[in-house]
1. Tell me which residues, restricted to segment 287-304, are without any contact (Cβ under 8 Å) to a residue 40 or more places away in the chain and loosely packed, with under 15 Cβ neighbours inside 10 Å.
2. Search segment 124-152 for residues being of a type in the set (D, E, K, R) and part of a loop (DSSP other than H, G, I, E, B), and hand back the single one that is modelled with the lowest pLDDT.
3. For residue 252, are the conditions met, namely being under 30 Å from residue 154 (Cα atoms) and either among the charged types (D, E, K, R) or under 22 Å from the mean Cα position of the chain (by Cα) (or both)?
4. Would you check if there is a residue in segment 36-50 being more than 30 Å from residue 288 (Cα to Cα) and either in contact with a Lys or Arg (Cβ under 7 Å, 6 or more places away or on another chain) or surrounded by 15 or more Cβ atoms within 10 Å (Cβ to Cβ) (or both)?
5. What helices (runs of 4 or more DSSP H), lying completely within segment 1-111, carry at least 2 residues that are touching a Leu at 6+ places or on another chain (Cβ under 6 Å)?
6. Which residues, counting only those in segment 61-89, are at pLDDT 90 or above, of a type in the set (Ser, Thr, Tyr) and more than 18 Å from the chain's Cα centre (by Cα)?
7. Does residue 259 satisfy the condition of being surrounded by 15 or more Cβ atoms within 10 Å (Cβ to Cβ) and modelled with pLDDT under 90?
8. Which one of these does residue 195 not meet: (1) more than 30 Å from residue 277 (Cβ to Cβ); (2) surrounded by 15 or more Cβ atoms within 10 Å (Cβ to Cβ); (3) not acidic (Asp, Glu)?
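The values are calculated or read from the model by the stated rules, or taken from the named source; none is laboratory data. Small disclaimer: the values here were computed from a predicted structure and weren't measured. Cβ sites come from the backbone with ideal geometry, for glycine too, and all protein chains shown count toward neighbours.
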Amino acid sequence: MTSTAHATADRFRLTLAPGVQAIADWADIADALVEISFSVDQVSWSSLIVGNIDQLRVDPRSGLVVLEGRDLSSLLIDSRVENTFANQTSSDIATQFAADAGLSPNVAPTYTPVGAYWQIEHDQVLLAAHCRARSRWDLLVQLAAREGFDVWVANTSLNFQPNDQSTNAAATYAPADFLRLSLERSLTIARDIKVTVQSWNSREARMVSQTATGRRGNSIGGNSTPLSYVFLLPNLSATEAQSLAEQRLADLTRHERVIEAEMPGELALSPRQQINLIGTQSSFDQSYWIDTITRRLSVQGGFTQTLRARNASPGMTIGEA
């Protein structure tokens, strides 16, 4: 089972051995909901994913059945947008989508009508911007980016919350706690970085261009030329463009240092949670945000998990150009 912090569906792959005689029962199965729970003590159980089966494979010789599927964000990924939302806020839309999909909304309130994001005053035009061209999930992801939010589904709850808001205390690990540990550093990102956001503001009929820069204490490899990124988005104000430039800059620099680790399986860690790495006696000893966790349970391999995490601190001074 793989869980991510990338606004994509968590996925599962389950191999069952019901026997050859049961193949006929699986051959004609319709929609089916799967819940996978884990326990490390066979007393307390934690539900890690609830989702629908997307694909089924059977082997009539061995009697094995393989089920693959996604969490319940699939209900929104597979549903197209068919409404207008000019006078609703992002949180209104997230709450409505959750109700339509039968999910419990865990939605932080927002206050700007989404029509203001596109500076459009007519439902007909707004409908053309959203309707049928994208899924409900795509729209939520785009609105979350505008709000500085994150969106994900956990079991039967739709979460629409501010970025980097972990409710769990950061766990601390040393190299000896892992079965395998890889420390990576991108020297390309470890340079001064310049991010420019450009936008055509249709209401004001003018081009908006805002830049944020990240400066290191020293230049890597003696290269003083900053790494430059340009993002194009429609109908931003100067304030919005500057805020987005700083956000994109922080996102980029948080991938300078990445750790990948394999460890014994446990149930406490999850994507969007911080961990602290100590004991390497290097600058890799710092805090990291977990991006991905893949848990595996098998007769041969036991219960293990691998995780990938990016540094929590940008490690540079961020400011306007």
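1. 298, 299, 300, 301, 302 - these are the residues of segment 287-304 that are without any contact (Cβ under 8 Å) to a residue 40 or more places away in the chain and loosely packed, with under 15 Cβ neighbours inside 10 Å.
2. Here the answer is 132.
3. In short, yes.
4. Taking every residue of segment 36-50 in turn, none turns out to be more than 30 Å from residue 288 (Cα to Cα) and either in contact with a Lys or Arg (Cβ under 7 Å, 6 or more places away or on another chain) or surrounded by 15 or more Cβ atoms within 10 Å (Cβ to Cβ) (or both).
5. 90-101
6. 79, 89
7. no
8. Single failed check for residue 195: (1).
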